[in-house]
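For reference, the structure is listed below as structure tokens.
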Amino acid sequence: MTNLPILYSFRRCPYAMRARLALQSAQLKVELREILLRDKAPAFLAASPKGTVPVLVTKGEVIEESLDIMLYALRQNDPEGWLHRENEALALIAECDGPFKQALDRYKYASRIPDSDPEAERQKAALFLRKLDDMLRHSPWLLADRPTLADMATLTFLRQFAMVDRLWFDAQPWPHLHRWLDSFLASDRLAAIMRKYSTWQADDPLTIFP
Ligand SMILES: N[C@@H](CCC(=O)N[C@@H](CS)C(=O)NCC(=O)O)C(=O)O
């Protein structure tokens, strides 16, 4: 047992990734429990019956939304100033999590959706990407000359989008967006949150993150 908050996480989930990015930036230590989505640990479901990752269990509360976990961590400690222009960041994140993510899922998982039109969905997603490319024309990161919440809450979804069809993505006339994503993909920051952990079992020794 420890007094650390518990983070239920899944390595490749873009929501869990952004939560880990913020915990890492805030240097907020947690006990990490890697969850298998197709066989969720009973302790995880007992803490959060809705069963999505990430979930952060602190002494007083259970935080079940990735953005709330980011904000919880950064409000305790924000050494890199990620909360800079927070309201603008939240508006961009709402666009990312709403229309962009919906189009991304329908594009990526088209084969599972009857009568889907992946090309039309990709074009819907591209509206958001063109907007980001335009913002990135003027500065290296979305809202500053350094990464902030706006970047770190959206880049994990950009990564997911680009991976669906990398050749198509690379051929799009979005040079600023490509540069932005590439620098994230090559970052130590990303490598550090993508370390592999085996699936958590109740009697495992603790895994402390970051
Ligand atoms: N709005 C939630 C969404 C989290 C989410 O949908 N996570 C996915 C994995 S990427 C999940 O846990 N899905 C449940 C499942 O696959 O059973 C958040 O921001 O944390």
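Each reported figure results from applying straightforward, stated rules to the coordinates on display, with no laboratory input. A quick note: this is a predicted structure, and the numbers were derived from the prediction, not measured. Ideal geometry is used to build each Cβ from the backbone, glycine not excepted, and the neighbour counts take in all protein chains shown.
Rounded to two decimals, the Cα radius of gyration of region 1-115 over 2.2 N^0.38 Å is 1.15.
Near Cys13: Cβ cut-off under 12 Å, other residues only, Lys/Arg at +1 and Asp/Glu at -1. The net charge is +4. With the gyration tensor restricted to C-alpha atoms of region 86-188, the semi-axes of the equivalent ellipsoid amount to 23, 15, 12 Å, longest first.
Work through the residues other than Ser48 whose Cβ is under 13 Å from its Cβ and net out their charges, Lys, Arg +1 and Asp, Glu -1. Don't skip to the end; give the middle numbers.
On the way: positive: Arg33, Lys40, Lys50; negative: Glu61, Glu64, Glu65, Asp68.
Cβ neighbours under 13 Å give a net charge of -1.
When the charge dipole of the chain is built from unit charges on Cβ atoms (+1 for Lys and Arg, -1 for Asp and Glu) and taken about the Cα centre, the candidate among Phe209, Leu177, Leu28 whose Cα reaches farthest toward its positive end is Phe209.
Our summary gives region 1-121 a relative contact order of 24 percent, counting only alpha carbon pairs under 8 angstrom and 6 or more residues apart.
Taking 24 Å as the cut-off for C-alpha to C-alpha distance, list the pairs among Lys50/Lys124; Lys131/Lys196; Lys101/Lys131; Lys29/Lys101; Lys29/Lys131; Lys29/Lys196 that go past it. Going by Cα-Cα distance, Lys50/Lys124; Lys131/Lys196; Lys29/Lys101; Lys29/Lys131 fall outside the 24 Å limit. Note on the chain: antiparallel DSSP beta bridges, both residues inside, total approximately 65 percent of the bridges counted. Among residues other than Phe184 whose Cβ falls under 9 Å from its Cβ, what is the net charge (Lys/Arg +1, Asp/Glu -1)? Surrounding charge for Phe184 is 0. Report note on the peptides 65-78, 40-53: ranked by the mean count of other C-beta atoms within 10 Å, highest first, their order is 65-78, 40-53. Under the criterion of Cα pairs below 8 Å and six or more residues apart, the relative contact order for the chain equals 28 percent. Note on the chain: the C-alpha convex hull projects to 12.2 nm² when averaged across all orientations.
Ellipticity at 222 nm from helices only: DSSP H runs of n ≥ 4 in the chain, each -39500 (n - 2.57), divided by the residue count, give -15500 deg cm²/dmol. Note on Lys108: aspartates and glutamates with a C-alpha under 17 Å away, same-chain residues under 8 apart excluded, are Asp97, Asp117, Glu119, Glu121, Asp165, Asp170. To test your reading of the geometry: what angle, between 0 and 90 degrees and rounded to tens, separates the Cα axis of helix 118-138 from the longest principal axis of the chain? The answer is roughly 90 degrees.
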